[in-house]
Amino acid sequence: MPSVAQKSTSVESLSSVFPLTLPIPTPSTHPGLLSINDVHREEDLLRNPSSFRAWWTAIQTTRDAFNAELKAEQNTSSPDEISILLGPLATPLPRRAFQCLTYLYEAAIAQFPGSFKLWKAYLNMRMSYVLEKPVIKKRAGGKKKFPDMKEALEEESDDREEWVGGLDGVVGWDEWKSLVATYERALMWLPKLPRLWLMYLSVFSHPMCPPMLSHTHARRTFDRALRTIPPSLHSRIWVRFLLWAESKGGVTTVSVYRRYLAVDPSVTEHYTSILLAPVDSTPRPLEAAKLLLSLARKASRGEYTSPEGKSPYQLLGDFLDVVERFSDDVGLDVEETLRANEKKGANEYEQNHEYDPDEDPLSPQKLDIERIVRVDGLEVYKDQAGRLWTGLATYWIKRGEFDRAKSTFETGIATVLTIRDFTQIFDAYAEFGESLMGAMMESLEDPDDEDDEDTQETEKELDMKMKDFEALMDRRPFLVNDVLLRRNPNDVQEWEKRVALWGENDEKIAETYTKALETIQPRKATSNLHRVYVNFAKFYEEGGTTSSAEPDLDSARKILEKATKVNFKTVEDLADIWCEWAEMELRHENYDEAVRVMQRAAAIPKNIKINYHDHSLPVQARLFKSLKLWSFYVDLEESIGTVDSAKAVYDKIMELRIANAQVIVNYAAFLEENQYWEDSFKVYERGTEVFTFPISFEIWNIYLSKFVKRYGGSKLERARDLFEQALEKCPPASCKPLFLMYGKLEEDFGLAKRAMSIYERATQVVADDDKFEMYSIYIAKATANYGLPATRPIYERALEVLPNRQTAEMCLRFAALERKLGEIDRARAIYAHASQFCDPRVNPKFWQEWNSFEIETGSEDTFREMLRIKRSVQAQFNTEASYLAAQTNSAKQGNGAVEDVSTQGADPMAMAERQGNPTKGPAFVAATKTAVPNADSSVDIPQPETNLDEIHIDDEDL
């Protein structure tokens, strides 16, 4: 390894190589510039000094020749210490090429001093020999329109020039100085071209640029560029300027960014991040905090939009992060904060003030964090109170002001309005307590601390902190309840929870009830406000939660008396108050007092035309129309009063027209229990007059059944009149039970003929859904009274009026009747009539029954006709979409349309049919005998194994 002395000697020897281009090399000063081969070029240039093409061709030819030689030399050379210092000028060949090209460019520029093309090529050539070749970065797409400054800084930082090597700034100081001088001469001729300025400014970013050029000279060059080029192009210079300032750090960064922020504040957020994490200097948190506070205030007023998409609250959150991180450098201490709060009234700045030291980054005055959090945070962002209070408390914790932090936590918990904010503050509060106790425990475990007095003090303080922490945990349910009550002080359920939290503390429970009744506004309260009064009264009635005290009925009565004057939301709430009061008196056997309470509650005013649903009137004015109140009152009179007093209450209910069907039934039942039969029937009649169907149906049903049970046939005409009166207005959907009861009455106490006429009338009046059942009952009654033949006209009328689905079922019954009567032809005609309503694939039961009927009683012709009708009906139903869907469902469900043949094995006719055509279904087979023996015959008729005379009939052959 070479020593330091050897290195310095080598540097001094290398310095003798320079300067190469200062002064400008010419053939007179540097005889080696020209060779025999260059004479022709020089003569041509002397003959055509004003030809740009001649100069450009000569320069390009010379450059290409030197490049070829340099490329060959680079392939054979290896890097050493000299190449690291001199970079591209490490060998004589590039130095000679550099001088020759400089000579040519300088001669050309003397002829064309205003040519940008020539200057650019010349400067690029000089930069390639001094700065080395830059690293070319591949970019996708072309250069788009200049973006905003934040994006421009990001893109420019990614696209900044990078060099592989370069000429050392100490050894090649003359060449660096010559390069800068060349740029200065170029800008003297072309001062308005931004490209030249950008090329010039990029020189100062080279890592080997001498400090004399890359600092002060660079800053002044940036300033000159901004003063020279048009304002519309300043943004391109500022991008380089800001990046250069960031690389220098310290005061340079601050001063340059401050200048730019006066023109464009959009990069303030980026600047604050630089202030908090500088490259090679100390952070400036106070300035960053003031800038962020200013941005947050402007954003809340709509005067600033964050280029990073941050909301005003997020900007304030960034400010709080800085405050928490640099609490000592940014904010005032406790004493200064208290003094600032005292002077706040005298020195309060208005909203549109011209100067505020809290927003001035140049002002050394620290910030009043508490006032800022309250004014700019809590008053503006009320839904983020948890984060703001936690940030303020963290600020005091970082400053070591634990008592102030504790009071901040307590204040925050006592003011937030949402559970989310409360949870955030409480968790931070608990974590603070745990960390504080953990630190104190660690200090007690430290063996270096041997002072007994300090140890005892720490133990006492630790015990106190642990008690406070346990108390905080115990207070949590109460604090949560406080939050909910602050959010809605009219929440009845939360007040009830508050009472439950106190457990058996009667004093606190009474205090909570009293505060609840003072706080809740009845018209804004949630449901069941009356339960608060009732539960409060029960609290005194039962002698507290543990019943350890004497029952205080007077206090309970006072509470309930006060509750009767409250304007509740609904009348039912007030009615519950009166009912609970009466029940309390009943529990203590004060029966007369209970009746008096209900008499007070049910007092009827002179004007009874008040609308019960008129909410503009207080509930006390509408209470007399509360059915709930009257129902309780009448139950009370039935229990402890007399019959006359109960009847009087029922009559008042009827007069006020607030009775429902249940009240009518209860009134009538009460009179019936006391043997007032006629009076109970009158009540039923009044109920049927007041109510219409379907409500009056229940009253009529009970009334008629009671009347028939009471009088039977002794008052038959009156009973008939009642039934006719009931059926007169009864809708078809409800009249079936009344007709059945009417018919039963006539059967038991009247005439059978009259009963049949009632049933026939019922079949015409009842609803369509009930007609089938009604006809079935009518047919059964007719059969019992007149016999089977008398039911034929009933069946015929039923087939005319019933729907198709029920007609088929009725036809089967009708056909069964005719078969019993021996009318085979009539039965077959009925089957044929019903077949038009029965799809063979949906209603297989009908066709199986008809098939059995034909096998038992038919002939070959009738069986053929049955099959023909079946195919016709099936074809008809196949063309209707609704029946196709029904058939599909039937097939999916596997409803057993086709029975297993094994179930018919005992039927010889079925066996013959299967033998005749097993794929197409049953076919008719001629019998070997004309008569079938009786079932009781003992003669065993042999069946042949095969039938030579069997007739094969297919469905398609018919």
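The values are calculated or read from the model by the stated rules, or taken from the named source; none is laboratory data. Predicted model only: the values in this text are computed from it and were never measured. Quick reminder, even Gly has a Cβ in these numbers, built from the backbone with ideal geometry, and neighbours come from all protein chains shown. Protein only, heavy atoms only, side chains kept; ligands, DNA and RNA dropped before computing areas. Shrake-Rupley method; radii C 1.70, N 1.55, O 1.52, S 1.80 Å.
Figures for the structure shown
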{"item": "Pairs, first more than 15 Å from ARG805 (Cα to Cα) and small (Gly, Ala, Ser) in segment 767-781, second open to solvent by 30 Å² or more (accessible area, probe 1.4 Å) and in a helix (DSSP H, G or I), C-beta under 8 Å, six or more apart", "result": "ALA767/LYS736"}
{"item": "Residues being within 59 Å of the chain's Cα centre (by Cα) and either outside any helix (DSSP H, G or I) or more than 16 Å from PHE723 (Cα to Cα) (or both) - total across segment 735-774", "result": "12"}
{"item": "Leading residue by the ranking (surrounded by the most Cβ atoms within 10 Å (Cβ to Cβ)) among those in segment 424-462 that are hydrophobic (A, V, I, L, M, F, W, C) and modelled with pLDDT of 90 or more", "result": "ILE425"}
{"item": "Any hit, segment 547-561, residues being in contact (Cβ under 8 Å) with a residue 40 or more places away in the chain and open to solvent by less than 50 Å² (accessible area, probe 1.4 Å)", "result": "no"}
{"item": "TYR260 vs. criteria of a type outside the set (Val, Ile, Thr), buried (at least 16 other Cβ atoms within 10 Å of the Cβ), within 18 Å of ASP148 (Cα to Cα) and in contact with a Lys or Arg (Cβ under 7 Å, 6 or more places away or on another chain)", "result": "no"}
{"item": "Test for ALA780: is it assigned to a helix (DSSP H, G or I), of a type in the set (A, V, I, L, M) and out of contact with any helix residue (DSSP H, G or I) (no Cβ under 7 Å at 6 or more places or on another chain)", "result": "yes"}
{"item": "Exclusive hit being under 27 Å from GLY169 (Cα atoms), assigned to a loop (DSSP other than H, G, I, E, B), modelled with pLDDT under 85 and of a type in the set (S, T, N, Q), set SER8, SER78, SER83", "result": "SER78"}
{"item": "Looking only at segment 498-513, and only at residues there that are part of a helix (DSSP H, G or I) and touching a residue at least 12 places away in the same chain (Cβ under 8 Å), the one that is most open to solvent (accessible area, probe 1.4 Å)", "result": "LEU501"}
{"item": "Number of the exception - ALA881 against (1) of a type in the set (A, V, I, L, M); (2) at pLDDT 55 or above; (3) open to solvent by 70 Å² or more (accessible area, probe 1.4 Å)", "result": "(2)"}
{"item": "Index of the failed condition, GLY250 passing every other in (1) open to solvent by less than 40 Å² (accessible area, probe 1.4 Å); (2) over 30 Å from ARG126 (Cα atoms); (3) under 45 Å from the mean Cα position of the chain (by Cα)", "result": "(3)"}
{"item": "Some residue of segment 320-340 being small (Gly, Ala, Ser), farther than 24 Å from SER266 by Cα and open to solvent by less than 30 Å² (accessible area, probe 1.4 Å)", "result": "yes"}
{"item": "Selected residue [farther than 19 Å from THR526 by Cα, touching a His at 6+ places or on another chain (Cβ under 9 Å), open to solvent by 20 Å² or more (accessible area, probe 1.4 Å) and in contact (Cβ under 8 Å) with a residue 12 or more places away in the chain] from GLU572, GLU580", "result": "GLU580"}
{"item": "Qualifying residue in segment 749-760 (condition: in contact (Cβ under 8 Å) with a residue 12 or more places away in the chain, out of contact with any helix residue (DSSP H, G or I) (no Cβ under 7 Å at 6 or more places or on another chain) and either of a type outside the set (A, V, I, L, M, F, W, C) or within 28 Å of GLY787 (Cβ to Cβ) (or both))", "result": "no"}
{"item": "Test result for ARG531, touching a residue at least 24 places away in the same chain (Cβ under 8 Å) and among the charged types (D, E, K, R)", "result": "yes"}
{"item": "Number of the condition not met by LYS310 [criteria: (1) charged (D, E, K, R); (2) touching a residue at least 40 places away in the same chain (Cβ under 8 Å); (3) surrounded by fewer than 17 Cβ atoms within 10 Å (Cβ to Cβ)]", "result": "(3)"}
{"item": "Residue among THR390, THR394, THR337, THR411 that alone is of a type in the set (S, T, N, Q), free of Cβ contacts under 8 Å to residues at least 24 places away in the same chain and more than 25 Å from SER255 (Cα to Cα)", "result": "THR411"}
{"item": "Breaking point among (1) touching a helix residue (DSSP H, G or I) at 6+ places or on another chain (Cβ under 9 Å); (2) farther than 29 Å from PHE432 by Cα; (3) not aromatic (Phe, Trp, Tyr), for LYS343", "result": "(1)"}
{"item": "Residue ranges of helices (runs of 4 or more DSSP H) in segment 367-416 with at least 3 members under 20 Å from GLU434 (Cα atoms) and open to solvent by 20 Å² or more (accessible area, probe 1.4 Å)", "result": "385-398, 402-415"}
{"item": "Enumeration of residues in segment 703-736 that are of a type outside the set (Gly, Ala, Ser) and open to solvent by 50 Å² or more (accessible area, probe 1.4 Å)", "result": "LYS706, LYS709, ARG710, LYS715, GLU717, ARG718, ASP721, GLU724, GLN725, GLU728, LYS729, PRO732"}
{"item": "Matching residues, segment 799-831, being under 60 Å from the mean Cα position of the chain (by Cα) and small (Gly, Ala, Ser)", "result": "ALA808"}
{"item": "Residue check, GLU689 acidic (Asp, Glu), modelled with pLDDT under 80 and open to solvent by 50 Å² or more (accessible area, probe 1.4 Å)", "result": "yes"}
{"item": "Any chance GLU800 is modelled with pLDDT under 80, part of a helix (DSSP H, G or I) and open to solvent by less than 60 Å² (accessible area, probe 1.4 Å)", "result": "no"}
{"item": "Residue, least open to solvent (accessible area, probe 1.4 Å), within segment 162-180, restricted to residues that are touching a Gly at 6+ places or on another chain (Cβ under 7 Å), touching a residue at least 60 places away in the same chain (Cβ under 8 Å) and at negative phi", "result": "LEU167"}
{"item": "Residue match in segment 331-346 (condition: at pLDDT 75 or above, under 19 Å from ASP321 (Cα atoms) and in contact with a Ser or Thr (Cβ under 7 Å, 6 or more places away or on another chain))", "result": "no"}
{"item": "Yes/no for ASP679 being at pLDDT 85 or above, surrounded by fewer than 20 Cβ atoms within 10 Å (Cβ to Cβ) and acidic (Asp, Glu)", "result": "no"}
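Here's the yes/no breakdown for (1) at positive phi; (2) at pLDDT below 80; (3) buried (at least 18 other Cβ atoms within 10 Å of the Cβ); (4) among the hydroxyl-bearing types (Ser, Thr, Tyr):
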site: GLY743; (1), (2), (3), (4): no, no, yes, no
site: ARG754; (1), (2), (3), (4): no, no, no, no
site: ARG761; (1), (2), (3), (4): no, no, no, no
site: TYR775; (1), (2), (3), (4): no, no, yes, yes
site: ALA780; (1), (2), (3), (4): no, no, no, no
site: ALA815; (1), (2), (3), (4): no, yes, yes, no
site: TYR831; (1), (2), (3), (4): no, yes, yes, yes
